[in-house]
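The block underneath contains the structure these notes are about, expressed in structure tokens.
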């Protein structure tokens, strides 16, 4: 590698000394039978002045050319912009109900109405930066060349197909952009201590294409250059060859396309052309030509554009329309001007003061927000709208024109901008022909172009989301205004994109209303559910005006209808007119092929045009992270759009080559997954108080008393388990089609009107799952849905490797491969193996005969784990042999012991004891020992055979603490008898005294206020573990003295541990327990201990509020020295069949020291309990949330949000809180649930 780098560096150094071959940006193409010379120009696709070091010859040849060519023709970009913009429409939140939120527009919503430029227009026409305009020209050089061609009536063309080129570039793997490692030294030599961009600019400024070529070649990989330059050069050279024969051609391409062996210059020379640089100066004559070109505008051609709802009609530039939502942009590519149409929904009907939008609010903003100087401003008022007409000029001398229409429903803005006096020349043709729909008193039935529903509305209505040129299908919203009653009506449609969950339909219908009202700070009153289709109605008031809502769900479509200020008769007419109608199916289809996943499907063409721009790379399905593993499983989802706008998904999963799939098992796995058989609903759980006590008493032992207390798990999750109905599969059908198998069905729920229709395919280690949302009573009558399912076809896989049925043997063969990449990939994939008692002998033979390299030890230990998972005692001799191997090391020994522990049998632990006595593994990593003994502790019943022999390793430092904790766990689980510890009592006493001294030292450090003194929790797990071990001998004089010393420490965790031991062993002192119950820091833990031991008589005088307060200290980790706690209130709410008490506390940090912004603020913390009759169930608790109190006036909203998020925690589509303080673990909320 070093030799190669030196060779490259020598080559580059030699290159620097050689004669330059490609000097200059302007090149003449002649010969080969051309009647007129043609010209190439190396451009830079920026507006920076560095790209405008032009020459007089540049302008002469540009203006005399018959044909002007760029890499691509700008007029072809329009459709691509629309399609690529549509690609973003698919990515929506799963918080479905929040998509129905509506708020009145405020001042901040008005500011975008004053901006004429935006990213799309700037990138298309100018590529300038507002902060760097002093150092930039009016547009980028390529566009300047194109405009010149258009202005002087020349033929303008592209040298390549825009879409093809763009797709190829987008599909470049980002990893291929990096330079090869061996090029680093040579690259630094060329960069000369400058950055890449700066060096690029410098060489371009010098017109040094030789160095530009060297820089580009060294800075990128070969595959990257092939896609970005070389392949495109072949296409462009062919175009230049063809075009130059028809007339004088001036072709501008990126400068990097010109030089080099595979550059355009050499390609044209190889075709017989003479290509030579044109050297000239840039004089005042050239500058004058540039200014003359920029100042000259040709008369644009217009066509009349009308919005989809007919609200606005205006002239736009012919064939230049970009629609983005409710807005439209029309660029004049030839002149650099553009027309904008912007629309802003006012939604003032939702204002609590019931005051309509005042157009003077807009007027007050003109002065500050219209760019430059306002030259003229006129106001006109009509019955239909108010109108402002504004002419202005920017500080750079560019004329602009704005027209604002304020209607009862929206603000409509038409603006026109361009360079110099462009707007003044052509503004009359635009602003003199704008038409805005007038008001009408009648009602009319409307329906979206795509179908889906129909509804009767006042004739004065607008629709958003229905664009004539859009390449994507979007949800629509209708708004209508009745001037007679000053009433507003709306219909909002949104599409479900979650294809995995079936929610309770009644909950969803109601939740849409709740969240809508909650955003506005109002409550619903009258409510009513109905069916066919599923619907829910409610009523409330906004200020003095009535508001009525109706929600409807049909398949994947959710609708919210509303009326504000309408008479009851009209609201009823509006709601009752809403009808579900079929979606229109007269759409064109095309076949989509996925050559990686090997399938094709017939999909709606226009609706899925954006799929090509989803940047599908060859590694799209590589989700395992390890790029070096050749055998990684591959999976991923492609989402298609139906004509209705609803999604249709295909999930692809290519299993690991060492993973064997049995089709019947696969289908069973799918059944379990889609019906959620592993989940238990709340209705299926019936836990008695006695069972709660037994559950608490039988919890597994943890390492110290605090862990023991916390291990007494809350029963909250069991009692509060969300119920979403029972899932079932209907219309199941499986088929064996010879080369592949299929399984199809429909997933239904007892509480949902929806269903998930799916069809699974399996072939040669690859599965596919097709799915979409349908009605529960769906009868296979949706043309688009059925066409998608029926057209799915598996592509030919005859070239794919046919894997043997014996995947273990395949793994072994791969591991023994002579190729390192195959061997390493196999050994990195051990977790994929399926080992059974049938094939375990083959695996043992492989392990014994295979020469594992040191770096492959991890694979070996994983293989041990696979054998251990079998729990087959016949493997024990094999493990013993592995442990005793001459080349065995600590890693192998620990892995063998872990594998034997996986047997969970007395025989396994007997062998562990024997092997540890034979050769105890010693390591510098304490975690390895702790982890091993934690595994032992989890199986106290069988691991007890290790005691007391394990104490022989007590003196070894890394074994000391794990052995003490392990023995304590055995004692706690009653797996060993205390008398077996008697012979170790003296040793235990010695170490306990040492731990007491350490605890005293830590406590003194804490009390001294020395923050640099580490004292942790003022004690350690070791001390409480020793307490567990010595407690059976507490009556002994020396042991009693130790416990007296421990009690004198007066530390929370040792006090709690002592209390726990006393309670467990029936030695509790009522006075001492009462004292602990009176302390809020310990009450919660003590009452849990008493309940666990069924000793609840001492709890009869403890109130629910006291328990909740103490739970706060424990669950929220309250620092009693630095936090003040105030109980605020208790609230009770219903959560399904459970009644829940919510205790709210205010916690404020009182420390004088500044610990940062958040700590110094007051917090609202809530502890919740499931109720049991008229008392709380103290064993079913949870810290349900913390909220930093930033506004005292918002506390009520905080409480409502915490309660709402708690009782509806299983509702994935719900959003909690208002938009301004949404409760999702963000924006000031802290999730402290335990």
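The values are calculated or read from the model by the stated rules, or taken from the named source; none is laboratory data. These numbers come from a predicted model, not from an experiment. Cβ placement follows ideal geometry from the backbone for every residue including glycine, while neighbour counts extend to all protein chains displayed.
Within this structure, residue 1040 passes the test of being in a helix (DSSP H, G or I) and either outside the structural domain of residue 1167 (by TED's automatic domain parsing) or modelled with pLDDT under 90 (or both). Comparison of 566, 639 shows that the only residue that is modelled with pLDDT of 95 or more and either farther than 30 Å from residue 828 by Cβ or assigned to a strand (DSSP E or B) (or both) is 566.
Residues in the range 186-243 that are at positive phi and either touching a helix residue (DSSP H, G or I) at 6+ places or on another chain (Cβ under 8 Å) or surrounded by fewer than 18 Cβ atoms within 10 Å (Cβ to Cβ) (or both): 192, 193.
The C-beta contact set for the range 10-33 (first residue in the same structural domain as residue 142 (by TED's automatic domain parsing) and assigned to a loop (DSSP other than H, G, I, E, B), second residue surrounded by fewer than 12 Cβ atoms within 10 Å (Cβ to Cβ) and modelled with pLDDT of 95 or more, distance under 7 angstrom, 6+ apart or interchain) comprises 31/272; 32/272.
Within the range 719-769, being touching a strand residue (DSSP E or B) at 6+ places or on another chain (Cβ under 8 Å), over 18 Å from residue 500 (Cα atoms) and part of a loop (DSSP other than H, G, I, E, B) holds for 720, 739, 740, 765.
Only one of the numbered conditions (1) within 30 Å of residue 292 (Cβ to Cβ); (2) over 44 Å from the mean Cα position of the chain (by Cα); (3) in a strand (DSSP E or B) is violated by residue 427, and that is (3). Among all positions in the range 395-417, there is no residue which is in contact (Cβ under 8 Å) with a residue 40 or more places away in the chain and more than 43 Å from the chain's Cα centre (by Cα).
Summed over the range 784-821, residues that are surrounded by 15 or more Cβ atoms within 10 Å (Cβ to Cβ) and either over 22 Å from residue 656 (Cβ atoms) or without any contact (Cβ under 8 Å) to a residue 24 or more places away in the chain (or both) total 6.
Residues are listed down the side, and each one gets a yes or a no for (1) at pLDDT 90 or above; (2) touching a strand residue (DSSP E or B) at 6+ places or on another chain (Cβ under 9 Å); (3) more than 23 Å from residue 934 (Cα to Cα):
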site: 1000; (1), (2), (3): no, no, yes
site: 1003; (1), (2), (3): no, no, yes
site: 1019; (1), (2), (3): no, no, no
site: 1030; (1), (2), (3): yes, no, no
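Restricting the range 1179-1212 to residues that are surrounded by 21 or more Cβ atoms within 10 Å (Cβ to Cβ) and either in contact with a helix residue (DSSP H, G or I) (Cβ under 6 Å, 6 or more places away or on another chain) or at pLDDT below 90 (or both), which is farthest from residue 1083 (Cα to Cα)? Residue satisfying both the conditions and the ranking: 1187. Identify, by number, the condition in (1) in the same structural domain as residue 1200 (by TED's automatic domain parsing); (2) in contact (Cβ under 8 Å) with a residue 24 or more places away in the chain that residue 1081 doesn't meet. All conditions pass for residue 1081, except number (1).
What do you reckon, is residue 67 more than 27 Å from residue 491 (Cβ to Cβ) and modelled with pLDDT of 90 or more? Taking the combined requirement at face value, the residue satisfies it.
Only one residue in 357, 297 is in a loop (DSSP other than H, G, I, E, B), farther than 30 Å from residue 545 by Cβ and in contact with a helix residue (DSSP H, G or I) (Cβ under 8 Å, 6 or more places away or on another chain), so which one is that? Exactly one of 357, 297 is in a loop (DSSP other than H, G, I, E, B), farther than 30 Å from residue 545 by Cβ and in contact with a helix residue (DSSP H, G or I) (Cβ under 8 Å, 6 or more places away or on another chain), namely 297.
Do we have residue 1035 as at pLDDT 95 or above and over 29 Å from residue 1119 (Cα atoms) here? For residue 1035, the condition - at pLDDT 95 or above and over 29 Å from residue 1119 (Cα atoms) - is not met. Among the residues of the range 583-602, is there at least one that is within 26 Å of the chain's Cα centre (by Cα), outside any helix (DSSP H, G or I), outside the structural domain of residue 169 (by TED's automatic domain parsing) and modelled with pLDDT under 80? The answer is no; no qualifying residue exists. The set of residues in the range 363-387 being over 19 Å from residue 482 (Cα atoms) and in contact with a strand residue (DSSP E or B) (Cβ under 6 Å, 6 or more places away or on another chain) consists of 370, 372, 373, 374, 375, 376, 377, 378, 379, 380, 387. In the set 929, 875, 922, only one residue is more than 41 Å from the chain's Cα centre (by Cα) and either under 25 Å from residue 843 (Cα atoms) or not in a loop (DSSP other than H, G, I, E, B) (or both); that residue is 875.
Pairs meeting the criteria (first residue in the range 1045-1056 and over 16 Å from residue 1029 (Cβ atoms), second residue loosely packed, with under 15 Cβ neighbours inside 10 Å, beta carbons under 7 Å, at least 6 apart or on different chains) are 1053/1017. Residue 355 meets each of the listed conditions (1) in contact (Cβ under 8 Å) with a residue 60 or more places away in the chain; (2) under 27 Å from residue 490 (Cα atoms); (3) out of contact with any strand residue (DSSP E or B) (no Cβ under 9 Å at 6 or more places or on another chain) apart from (1). Filtering the range 515-563 to residues that are part of a helix (DSSP H, G or I) and either in the same structural domain as residue 354 (by TED's automatic domain parsing) or in contact (Cβ under 8 Å) with a residue 60 or more places away in the chain (or both) leaves 515, 516, 518, 519, 520.
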